[in-house]
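J.: Submitted below is the structure of interest, expressed as structure tokens.
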């Protein structure tokens, strides 16, 4: 999936304008990179279009942080400069678009690093 298609898909899923969808995509991926291991973030970045790779980059020695869904949404909200409700709607759209953009195995690898409570953000994960 190319970048314009990713943003268009995300924006349609969330009911957001394109510019806001871009901000939320970046904020969601930055926050996801905080939550998963750097190696997994690199693997995910390898399957996403170029503008979405940079938010996932982390130093290889930076450990994954343990935080719940509420903190995830708070960070997305702060980074994207949107209210928490918009951040949640956008993050759900981003994560579901990521699921469509990458291989099922890669998406499973990412979600395997997240606790059960994250399932609400990505719908019915296997």
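Any read-out appearing in this document is the output of simple, stated calculations on the displayed coordinates, not a laboratory observation. In this text the structure is predicted, and so the values were computed from the model without any measurement. Counting neighbours? That spans all protein chains shown, and the Cβs are built from the backbone with ideal geometry, glycine included.
J.: Rank these for me by crowding, 94, 110, going from fewest to most other beta carbons within 10 Å.
T.: Working: 94 29, 110 24.
The fewest-first ordering by Cβ neighbours comes to 110, 94.
J.: If you don't mind, there's one more thing I want to ask. How far apart, in nm, are two points set 7 Å out from the Cα along the Cα-to-Cβ line at residue 78 and at residue 112?
T.: Going by the 7 Å Cα→Cβ label model, 3.1 nm.
J.: Let me ask something else. If I take all pairs of Cα atoms in segment 51-114, what percentage of them are more than 19 Å from each other? Mind showing how you got there, number by number?
T.: On the way: 821 of 2016 pairs.
Everything past 19 Å amounts to 41 percent.
J.: Okay, moving on. Taking the Cα centre of each part, how many Å lie between segment 83-126 and segment 27-57?
T.: Cα centroid of segment 83-126 versus Cα centroid of segment 27-57: 13 Å apart.
J.: Another question, then. How big is the chain in terms of Cα radius of gyration and Dmax, in angstroms?
T.: 12.9, 37
J.: I would also like to ask the following. State, to one decimal in nm, how far the label point of residue 71 lies from the label point of residue 8, with both points 7 Å from Cα in the Cβ direction.
T.: Between residue 71 and residue 8, the label points sit 3.8 nm apart.
J.: Over the alpha-carbon set of segment 1-65, divide Rg by the Kirkwood Rh and report the Rg/Rh ratio to two decimals. Spell out each step's value before the answer.
T.: Values: Rg = 12.2 Å, Rh = 12.1 Å.
Looking at segment 1-65, the ratio lands at 1.01.
J.: While we're looking at this one, here's another question. So for each of 64-75, 80-91, 95-106 I average, over its residues, the number of other beta carbons within 10 Å; can you give me the resulting order with the highest mean first? Please report the intermediate quantities before stating the final value.
T.: Numbers: 64-75: 15.4, 80-91: 18.7, 95-106: 17.2.
Descending mean neighbour count gives 80-91, 95-106, 64-75.
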